[in-house]
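The values are calculated or read from the model by the stated rules, or taken from the named source; none is laboratory data. Just so we're clear, the structure is a prediction, and the values are computed from it rather than from any experiment. Every residue, glycine as well, gets a Cβ built from its backbone with ideal geometry; the counts of neighbours run over all protein chains shown. For the accessible areas, the whole protein counts, side chains as well, though only heavy atoms, and no ligand, DNA or RNA atoms are used. Shrake-Rupley method; radii C 1.70, N 1.55, O 1.52, S 1.80 Å.
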Amino acid sequence: AIVEYARGLPNVVCVEENLFTCSQDTQDKMVELIREQGLNRIVVAACTPRTHEPLFQETIRNAGLNPYLFEMANIRNQCTWVHSHDRKEATEKSKDLVRMAVARTSLLEPIPDLRVDINKSALVIGGGVAGMNAALCLAQQGFTSTIVEKSSVLGGAVRDIERTRTGIDLQKYLSEMTQKVMEHPHIRLMLNADVVGASGFVGNFESQIAVDNKIETVEHGVVIIATGGKAIHTDEYLYGQSPRVGRWHELERNVERFKNIKNVVFIQCVGSRDDERPYCSRICCTTSVSQAISLKDRYPDVDVYILYRDMRTFGDRELLYREAREKGVIFIRYTLD
């Protein structure tokens, strides 16, 4: 019915019905029809342009048309999905969307590709390991980078962590990387700095950086956001009320205090996977298991327990879980109740 309706609309000279319009076979057929019939505007009534518009634009470009002489009518999301209970209503609304798309397409004009000069430098926001790696990667290719770090030192969260789960000495790694960044001629550091303003467009940005009570404008062509994350503050399980309760990253450099302690308990999912924060951070399980192994290696007589809702040591991290079990770490599942 929608196809027959479209055939009667002004300026429409060709209508085709396809089962999968985004398939390669149909794409090739569209190119062939455009060339055979000399079509100069194209409407596709199918799914969302958010995912498929670039595909169809590339198709009509291959047929020799400007990619902007194209319009999509989203009759899937906006009709069949939201009106699945009423076939007639969905069909009528689809006709309306197709008619509007055809009317708009009739007025479209080709948009030429524009070329602009690009400022071949980067602004990296965040001076942790990710930010420093990004800046070094660019600098080693000959591009200048400016690192904006809000604190007085580089390193971010890694400054509080001794080793990775695979045993890499992070403090040594951090020291070496910091030295490389500070000595590289293509990297500029702005410590105790904040981004307070930004303007411009792709390839040509201007950012205002507040440092030492002054505002400085930095010109750059790309921005890399490497602001990292931080542990939440919680008042659950006596945290902040007892010196014997700490967070996992606070344990890293205070492992000696467990020398005369008989029992250590890790509690997973504190402050997460609830109504306020329904997500999983993907690092807590691995970190707790790694630290439990370290404790058992250093103090074999200490009893270590991990209270968990779901153990998410995914991939090869499952081997850490197995190692912890073999060393005598006790895993106890709990519920929110």
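Determine which single condition Ile42 fails, assuming it passes every other condition in (1) in contact with a Phe, Trp or Tyr (Cβ under 6 Å, 6 or more places away or on another chain); (2) free of Cβ contacts under 8 Å to residues at least 60 places away in the same chain.
Condition (2) is where Ile42 drops out.
Go through (1) touching a residue at least 12 places away in the same chain (Cβ under 8 Å); (2) closer than 23 Å to Thr91 by Cβ one by one and return the number of the condition Leu55 breaks.
It fails just one condition, (2).
Taking the residues in region 256-289 that are open to solvent by less than 50 Å² (accessible area, probe 1.4 Å) and within 12 Å of Val304 (Cβ to Cβ) as candidates, determine which candidate is modelled with the lowest pLDDT.
If we take residues in region 256-289 being open to solvent by less than 50 Å² (accessible area, probe 1.4 Å) and within 12 Å of Val304 (Cβ to Cβ), then Phe258 is modelled with the lowest pLDDT.
Is it the case, given these coordinates, that Ala157 is in a helix (DSSP H, G or I) and out of contact with any Ser or Thr (no Cβ under 8 Å at 6 or more places or on another chain)?
So Ala157 fits the description; yes.
Under 7 Å by Cβ, and 6 or more places apart or on different chains, what pairs join a residue from region 302-322 that is assigned to a helix (DSSP H, G or I) with one that is open to solvent by 60 Å² or more (accessible area, probe 1.4 Å)?
Within 7 Å, the pairs are Arg317/Arg165; Leu320/Arg165.
Scan region 72-80 and tell me whether some residue there is hydroxyl-bearing (Ser, Thr, Tyr), over 32 Å from the mean Cα position of the chain (by Cα) and closer than 23 Å to Thr51 by Cβ.
There is no residue in region 72-80 that is hydroxyl-bearing (Ser, Thr, Tyr), over 32 Å from the mean Cα position of the chain (by Cα) and closer than 23 Å to Thr51 by Cβ.
So Ala1 fits all but one of (1) among the hydrophobic types (A, V, I, L, M, F, W, C); (2) over 21 Å from Leu108 (Cβ atoms); (3) in contact with a strand residue (DSSP E or B) (Cβ under 8 Å, 6 or more places away or on another chain); what number is the exception?
Condition not satisfied by Ala1: (3).
Restricting the search to region 77-91, which residues are surrounded by 15 or more Cβ atoms within 10 Å (Cβ to Cβ) and either in contact (Cβ under 8 Å) with a residue 40 or more places away in the chain or not in a loop (DSSP other than H, G, I, E, B) (or both)?
Gln78, Cys79, Thr80, Ala90, Thr91
Do we have Leu39 as assigned to a loop (DSSP other than H, G, I, E, B) and among the aliphatic types (A, V, I, L, M) here?
yes
Criterion first (touching a Leu at 6+ places or on another chain (Cβ under 7 Å), modelled with pLDDT of 95 or more and not aliphatic (A, V, I, L, M)) does Lys150 satisfy it?
Against the criterion (touching a Leu at 6+ places or on another chain (Cβ under 7 Å), modelled with pLDDT of 95 or more and not aliphatic (A, V, I, L, M)), Lys150 does not qualify.
Could you name every one of the strands (runs of 3 or more DSSP E) located completely within region 161-219 that has at least 3 residues being open to solvent by 40 Å² or more (accessible area, probe 1.4 Å), farther than 16 Å from Ser121 by Cα and not basic (Lys, Arg)?
193-201
Among the residues of region 186-227, which ones are out of contact with any strand residue (DSSP E or B) (no Cβ under 7 Å at 6 or more places or on another chain) and either among the hydrophobic types (A, V, I, L, M, F, W, C) or in contact (Cβ under 8 Å) with a residue 24 or more places away in the chain (or both)?
Leu191, Phe201, Val202, Gly203, Asn204
Could you check how many residues of region 4-36 are in a loop (DSSP other than H, G, I, E, B), in contact (Cβ under 8 Å) with a residue 60 or more places away in the chain and either in contact with a strand residue (DSSP E or B) (Cβ under 9 Å, 6 or more places away or on another chain) or small (Gly, Ala, Ser) (or both)?
Counting residues in region 4-36 that are in a loop (DSSP other than H, G, I, E, B), in contact (Cβ under 8 Å) with a residue 60 or more places away in the chain and either in contact with a strand residue (DSSP E or B) (Cβ under 9 Å, 6 or more places away or on another chain) or small (Gly, Ala, Ser) (or both) gives 1.
Among the candidates Leu97, Leu123, single out the residue that is open to solvent by less than 40 Å² (accessible area, probe 1.4 Å) and either in contact with a Cys (Cβ under 9 Å, 6 or more places away or on another chain) or of a type in the set (Ser, Thr, Tyr) (or both).
Matching residue, one of Leu97, Leu123: Leu97.
Restricting region 100-120 to residues that are of a type in the set (Lys, Arg) and part of a loop (DSSP other than H, G, I, E, B), which is least open to solvent (accessible area, probe 1.4 Å)?
Ranking the candidates gives Lys120 first.
Could you list all residues from region 1-22 that are modelled with pLDDT under 90 and open to solvent by less than 90 Å² (accessible area, probe 1.4 Å)?
Correct list: Asn18, Thr21, Cys22.
Restricting attention to region 147-156, does a residue exist that is loosely packed, with under 14 Cβ neighbours inside 10 Å and either without any contact (Cβ under 8 Å) to a residue 24 or more places away in the chain or within 30 Å of Asp316 (Cα to Cα) (or both)?
Checked region 147-156: no residue is loosely packed, with under 14 Cβ neighbours inside 10 Å and either without any contact (Cβ under 8 Å) to a residue 24 or more places away in the chain or within 30 Å of Asp316 (Cα to Cα) (or both).
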